[in-house]
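Data first, discussion second: the structure below is written as structure tokens.
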Amino acid sequence: MFIFLLLFSCTDDEDAIVVNQSVDVLIDNKQFQLINNDFLIVENCNDLFIDFIYDKPENHFMMSFILSKKGELKHISLLDFRRSSSFYRTPDFNPLRLMAITNFKYDDIKKSIFFDFNGELIKTINGIQDMDTPKEKLKIKGTVNTNNIKTEECSIFIPDLTFEIPELKFVTTKINASFNPNISTNSYIFRYYSNNGYRILIKSKNDLWNLDKGVYPFNENSAENRIDLEQYIGIIRASDSGTYSRDIDWKKYQTAGSYTILEHVIINGQKVTKGEMNLKVYDNGVLIHTITKGKFEVTGFN
């Protein structure tokens, strides 16, 4: 989500101004500051969208953040007109590898937010043919502080999958799904991507909306109706699509367990199936994770 606004220069007497919102950004050791400018922070559904432009004669760039209301990083991008209008972004599959959000505070009543960010963005690849080429990184750090969050009505439904165990936390940052009628085993695949390089795939012969409530077990050798955990091992890269990858980019673990269909509901006009999953995750026969009562939500295809 990009909302670009023209920002006006601050007055010289900034010390006398009551600061309602500010952004401090350090880009490759060069400091930039915006105070009480009309940058926009919007809350919509479960996310916060922060967009601003630094527009002064000596420098011109745009930045955009997407965070959850709990402070989980989903995406950061920077369009730098100083560098031939180059786009820099957090990595497609593991943004936490290069970027950290700290000291996050969000007040739903006061409509205020504060957080620090520190790390690196990576230059966006030009296309599929460029996906294995290492790209330039850009160091950034700074602070966002505002009490002027605007609220937009949540008119859609975004599927989600979450679990947390001592050694692994899964926070869905993006999703995609596919249906292939030419595949008889698992025609439906629902993919959830976390911000730490992992993804969960729910594979089913049928649309989950059409399944009865109940428990569906599977083991390591089950070909269909299963849930898989994979870890991204490919080159760190950022792209426009954000989800394109190849099988060789993912380490596949073995899983066994069950998922439970709890309910089918209509939310904002969409068919939504809610459930829980219990998984044991193995790496070459060695148990490495036990996941209990992970939550998932899936939208129906028809």
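The values are calculated or read from the model by the stated rules, or taken from the named source; none is laboratory data. Predicted, not measured: the structure shown is a model, and the values here were computed from it. Using ideal geometry, Cβ is built from the backbone for each residue, glycine included, and neighbour counts are taken over all protein chains shown. Side chains are part of the model used for accessible areas, which takes the heavy atoms of the whole protein and leaves out ligands, DNA and RNA. Shrake-Rupley method; radii C 1.70, N 1.55, O 1.52, S 1.80 Å.
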Quiz item: Ser86 versus Phe32, label points 7 Å from Cα toward the beta carbon: distance in nm?
Solution: 1.4
Self-check item: Spin-label pair Lys293/Ile109, simplified geometry with 7 Å Cα→Cβ offset, distance in nm
Solution: 2.9
Exercise. Using a 1.4 angstrom probe on heavy atoms only, work out the carbon and sulfur share of the accessible area of the range 60-212 in %.
Key: 48
Quiz prompt | Residues in the range 237-255 reached by a label modelled at Glu167 [backbone nitrogen below 17 Å; 7 Å Cα→Cβ] | solution = 251-255
Quiz prompt | Rg [Å, one decimal], Dmax [Å, integer] - the range 186-290, C-alpha atoms | solution = 15.0, 43
Self-check item: Stretchable slack from Arg246 to Asn219, in nm (0.36 nm times residue separation minus alpha-carbon distance)
Solution: 7.2 nm
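Among all stretches of the chain without exposed chymotrypsin sites (Phe, Trp or Tyr not before Pro) (DSSP loop, at most 16 other Cβ atoms within 10 Å), which one is longest?
Longest site-free region, per DSSP loop and neighbour criteria: 9-243.
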Quiz item: If each of Asn268 and Lys205 carries a label point 7 Å out from its Cα toward its Cβ, how far apart are those two points in nm?
Solution: 3.4
Quiz item: Given a Förster radius of 22 Å and the C-beta distance between Asn284 and Ala177 as r, what FRET efficiency does 1/(1 + (r/R0)^6) yield to the nearest 0.05?
Solution: 0.15
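Taking a probe of 1.4 Å, how large is the accessible area per residue of the chain, in Å²? Write down the numbers at each step before the final one.
Numbers: 14790 Å² over 302 residues.
Each residue of the chain exposes 49 Å² on average to a 1.4 Å probe.
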Self-check item: Rounded to 5, the percent of DSSP beta bridges in the chain classed as antiparallel
Solution: 95
Exercise. Report the one residue of Gln31, Pro57, Asn206 whose Cα lies farthest in the direction of the positive end of the charge dipole of the chain (charges on C-beta: Lys and Arg +1, Asp and Glu -1; origin at the Cα centre).
Key: Asn206
Quiz prompt | Between the range 171-232 and the range 265-281, the alpha-carbon center distance in angstrom | solution = 12
Quiz item: What percent do you get for the relative contact order of the chain when only Cα pairs under 8 Å and 6+ apart count?
Solution: 14
Self-check item: Positive dipole terminus of the range 71-114, leading residue within Ile76, Phe87, Ile101 (C-beta point charges)
Solution: Phe87
Quiz item: Phe301 to Thr102: extension gain in nm, 0.36 nm per residue of separation minus the Cα-Cα distance?
Solution: 67.9 nm
Quiz prompt | Computed lengthening from Ser184 to Asn118, 0.36 nm per intervening residue step minus Cα-Cα distance | solution = 19.1 nm
